[in-house]
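Note sheet for the following structure.
The values are calculated or read from the model by the stated rules, or taken from the named source; none is laboratory data. Just so it is clear, the model here is predicted, and its values are computed rather than measured. In this analysis, Cβ positions are derived from the backbone assuming ideal geometry, glycine residues included, and neighbour counts consider all displayed protein chains. We work out accessible area using only protein heavy atoms, side chains counted, and drop any ligands, DNA or RNA first. Shrake-Rupley method; radii C 1.70, N 1.55, O 1.52, S 1.80 Å.
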Amino acid sequence: MNIKKTKTTYGVYNLIEWHALLRLGKASVKVHFSGGSITTQGVTPATFTTADPVIQFAIERSPEFRNGKIKVVRRSPLNEVVEIECNFPKTINSDTSPNPAPIPTETQAAPVVEIGDAPDPEADNEAAGEDNANTARPLTQVEFSCNDDAKDYLEQNFGLVRSKLRKREDICSAAKAYGVEIIFV
(Lines give C-alpha, C1' and ligand atoms only; values in the text may rest on other atoms or scores of the structure.)
Protein backbone atom coordinates (compact mmCIF):
# COMPACT_ATOMS: atom_id res chain seq x y z
CA MET A 1 0.00 0.00 0.00
CA ASN A 2 1.37 3.40 -0.96
CA ILE A 3 0.60 6.78 0.54
CA LYS A 4 1.74 10.16 -0.79
CA LYS A 5 4.18 11.85 1.61
CA THR A 6 3.33 15.32 2.95
CA LYS A 7 5.16 18.04 4.84
CA THR A 8 2.89 19.20 7.64
CA THR A 9 3.18 22.18 9.98
CA TYR A 10 1.32 21.83 13.27
CA GLY A 11 0.57 24.77 15.53
CA VAL A 12 -0.38 25.45 19.13
CA TYR A 13 -2.09 28.80 19.59
CA ASN A 14 -1.62 31.08 22.64
CA LEU A 15 1.74 29.50 23.47
CA ILE A 16 5.20 30.81 22.65
CA GLU A 17 6.96 27.49 23.17
CA TRP A 18 5.83 24.01 24.19
CA HIS A 19 7.70 20.75 24.69
CA ALA A 20 5.00 18.15 24.12
CA LEU A 21 5.34 14.52 25.16
CA LEU A 22 2.77 12.64 23.09
CA ARG A 23 2.03 9.06 24.04
CA LEU A 24 1.07 6.46 21.45
CA GLY A 25 0.54 3.08 23.07
CA LYS A 26 3.72 2.22 24.96
CA ALA A 27 5.82 4.63 22.91
CA SER A 28 6.11 8.37 23.35
CA VAL A 29 7.23 11.14 21.00
CA LYS A 30 8.82 14.41 22.09
CA VAL A 31 7.73 17.34 19.93
CA HIS A 32 9.15 20.84 20.31
CA PHE A 33 6.76 23.62 19.26
CA SER A 34 8.46 27.01 19.03
CA GLY A 35 8.29 30.43 17.40
CA GLY A 36 4.94 31.55 18.78
CA SER A 37 4.13 35.11 19.69
CA ILE A 38 1.29 37.13 21.12
CA THR A 39 1.36 40.78 20.03
CA THR A 40 -1.05 43.62 19.45
CA GLN A 41 -1.12 42.61 15.77
CA GLY A 42 -2.36 39.11 16.60
CA VAL A 43 -1.41 35.64 17.70
CA THR A 44 1.23 33.54 15.93
CA PRO A 45 1.10 29.89 16.99
CA ALA A 46 4.11 27.95 18.19
CA THR A 47 4.82 25.56 15.31
CA PHE A 48 6.46 22.25 14.52
CA THR A 49 7.08 21.06 10.93
CA THR A 50 7.76 17.47 9.92
CA ALA A 51 7.67 15.22 6.88
CA ASP A 52 8.09 12.04 8.96
CA PRO A 53 4.89 9.99 8.60
CA VAL A 54 5.46 8.23 11.95
CA ILE A 55 5.60 11.52 13.86
CA GLN A 56 2.60 12.81 11.90
CA PHE A 57 0.69 9.66 12.87
CA ALA A 58 1.63 10.10 16.55
CA ILE A 59 0.60 13.78 16.58
CA GLU A 60 -2.71 13.20 14.78
CA ARG A 61 -3.68 10.31 17.09
CA SER A 62 -2.82 12.22 20.28
CA PRO A 63 -5.53 13.53 22.62
CA GLU A 64 -4.07 17.04 22.25
CA PHE A 65 -4.74 16.97 18.49
CA ARG A 66 -8.19 15.43 18.84
CA ASN A 67 -9.37 18.00 21.40
CA GLY A 68 -8.05 20.88 19.30
CA LYS A 69 -4.99 22.05 21.23
CA ILE A 70 -2.73 21.06 18.32
CA LYS A 71 -3.97 22.15 14.89
CA VAL A 72 -2.75 21.75 11.32
CA VAL A 73 -1.45 25.10 10.12
CA ARG A 74 -0.49 23.98 6.59
CA ARG A 75 0.07 20.77 4.69
CA SER A 76 1.94 20.50 1.40
CA PRO A 77 2.35 17.35 -0.70
CA LEU A 78 5.84 16.10 -1.53
CA ASN A 79 6.92 14.16 -4.61
CA GLU A 80 7.64 11.05 -2.57
CA VAL A 81 5.63 7.94 -1.80
CA VAL A 82 5.65 6.08 1.51
CA GLU A 83 5.35 2.34 1.14
CA ILE A 84 3.50 0.68 4.00
CA GLU A 85 4.42 -2.91 4.67
CA CYS A 86 3.26 -5.43 7.22
CA ASN A 87 4.80 -8.56 8.67
CA PHE A 88 2.91 -11.78 8.17
CA PRO A 89 3.15 -14.48 10.84
CA LYS A 90 5.12 -17.60 10.00
CA THR A 91 3.49 -20.98 10.38
CA ILE A 92 5.19 -23.31 12.85
CA ASN A 93 4.91 -26.64 10.99
CA SER A 94 5.61 -25.38 7.49
CA ASP A 95 8.95 -24.82 5.80
CA THR A 96 7.42 -22.66 3.09
CA SER A 97 6.42 -19.08 3.59
CA PRO A 98 2.72 -18.51 4.23
CA ASN A 99 0.47 -17.03 1.59
CA PRO A 100 -0.36 -13.55 2.77
CA ALA A 101 -3.95 -12.41 2.63
CA PRO A 102 -4.56 -9.70 0.05
CA ILE A 103 -4.78 -6.20 1.45
CA PRO A 104 -8.00 -4.47 0.40
CA THR A 105 -7.40 -1.25 -1.51
CA GLU A 106 -10.68 0.49 -0.74
CA THR A 107 -10.62 2.85 2.17
CA GLN A 108 -12.77 2.29 5.19
CA ALA A 109 -14.19 4.97 7.43
CA ALA A 110 -12.47 5.30 10.78
CA PRO A 111 -14.53 4.14 13.74
CA VAL A 112 -16.38 6.89 15.54
CA VAL A 113 -15.05 7.39 19.06
CA GLU A 114 -17.30 9.24 21.45
CA ILE A 115 -15.67 11.21 24.21
CA GLY A 116 -17.73 11.42 27.37
CA ASP A 117 -18.48 14.66 29.17
CA ALA A 118 -15.99 15.91 31.72
CA PRO A 119 -16.96 15.32 35.34
CA ASP A 120 -18.84 18.20 36.93
CA PRO A 121 -17.01 19.22 40.12
CA GLU A 122 -20.17 20.91 41.46
CA ALA A 123 -22.33 17.76 41.12
CA ASP A 124 -23.44 15.80 44.19
CA ASN A 125 -20.82 13.04 44.53
CA GLU A 126 -21.94 11.18 47.66
CA ALA A 127 -22.45 7.82 45.90
CA ALA A 128 -19.38 8.33 43.73
CA GLY A 129 -17.31 9.19 46.79
CA GLU A 130 -17.87 5.70 48.19
CA ASP A 131 -16.69 4.12 44.92
CA ASN A 132 -13.68 6.41 44.71
CA ALA A 133 -12.66 5.48 48.26
CA ASN A 134 -12.18 1.88 47.12
CA THR A 135 -10.27 2.77 43.95
CA ALA A 136 -8.35 5.85 45.12
CA ARG A 137 -5.79 7.01 42.60
CA PRO A 138 -2.80 9.13 43.61
CA LEU A 139 -3.21 12.86 43.09
CA THR A 140 -0.68 14.79 41.01
CA GLN A 141 0.57 17.78 43.00
CA VAL A 142 1.02 21.10 41.22
CA GLU A 143 2.17 24.34 42.89
CA PHE A 144 0.99 27.84 42.00
CA SER A 145 1.64 31.26 43.47
CA CYS A 146 -1.74 32.81 42.60
CA ASN A 147 -5.28 31.90 41.61
CA ASP A 148 -4.88 33.10 38.02
CA ASP A 149 -1.99 30.71 37.33
CA ALA A 150 -4.04 27.79 38.66
CA LYS A 151 -7.04 28.87 36.57
CA ASP A 152 -4.84 29.04 33.46
CA TYR A 153 -3.54 25.53 34.14
CA LEU A 154 -7.04 24.08 34.59
CA GLU A 155 -8.34 25.90 31.52
CA GLN A 156 -5.50 24.77 29.23
CA ASN A 157 -5.23 21.17 30.43
CA PHE A 158 -8.83 20.26 31.24
CA GLY A 159 -10.95 22.86 29.39
CA LEU A 160 -12.56 24.29 32.53
CA VAL A 161 -14.28 27.68 32.38
CA ARG A 162 -12.41 30.39 34.33
CA SER A 163 -15.58 32.19 35.39
CA LYS A 164 -16.71 29.17 37.43
CA LEU A 165 -13.43 29.12 39.38
CA ARG A 166 -13.97 32.11 41.66
CA LYS A 167 -12.38 31.06 44.96
CA ARG A 168 -9.45 28.83 45.90
CA GLU A 169 -11.91 26.23 47.18
CA ASP A 170 -13.55 26.12 43.73
CA ILE A 171 -10.15 25.77 42.06
CA CYS A 172 -9.00 22.98 44.41
CA SER A 173 -12.24 20.99 44.14
CA ALA A 174 -12.29 21.27 40.34
CA ALA A 175 -8.66 20.09 40.18
CA LYS A 176 -9.35 17.10 42.46
CA ALA A 177 -12.08 15.97 40.04
CA TYR A 178 -9.27 15.51 37.49
CA GLY A 179 -6.79 13.87 39.88
CA VAL A 180 -4.74 17.02 40.55
CA GLU A 181 -3.95 18.49 43.96
CA ILE A 182 -3.24 22.21 43.77
CA ILE A 183 -0.91 23.71 46.37
CA PHE A 184 -0.60 27.48 46.71
CA VAL A 185 2.81 28.74 47.83
Calculate the FRET efficiency for VAL72 and ALA27 from the Cβ-Cβ distance with a Förster distance of 30 Å, rounded to the nearest 0.05. 0.85
Say R0 is 25 Å: what FRET efficiency, to the nearest 0.05, do VAL185 and LEU139 get from their beta-carbon distance? 0.90
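Where does the charge balance sit around ARG75 when Lys and Arg score +1, Asp and Glu -1, over other residues with C-beta under 13 Å from its C-beta?
Working: positive: LYS4, LYS5, LYS7, LYS71, ARG74; negative: GLU60.
Within the 13 Å Cβ shell, the charges total +4.
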Residues other than CYS146 with Cβ under 12 Å of its Cβ, Lys/Arg counted +1 and Asp/Glu -1, net out at -2
Estimated D of region 1-40 in µm² per second, where Rh is the Kirkwood radius over Cα pairs and Stokes-Einstein applies at 10 °C, 1.306 mPa s: 126 µm²/s
For LYS5, distant residues with modelled amide H under 5 Å away: LEU78, GLU80, VAL81, VAL82
J(HN,Hα) series, region 48-60, from Karplus relation 6.51 cos²θ - 1.76 cosθ + 1.60, nearest Hz, glycine and proline x: 9, 10, 8, 10, 7, x, 5, 5, 4, 4, 5, 5, 6
Scan around PHE184 for amide H atoms under 5 Å from its own, H built in the peptide plane at 1.01 Å from N, and keep only partners 5 or more places away or cross-chain. PHE144
Region 1-80 accessible area per residue, 1.4 Å probe, protein heavy atoms, integer Å², reads 65 Å²
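So if we plug the beta-carbon distance of ALA51 and GLN156 into 1/(1 + (r/R0)^6) with R0 = 25 Å, what FRET efficiency do we get, rounded to 0.05?
0.30
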Mind checking which lysines have their C-alpha under 19 Å from LYS7, skipping anything on the same chain fewer than 8 residues away? LYS30, LYS71
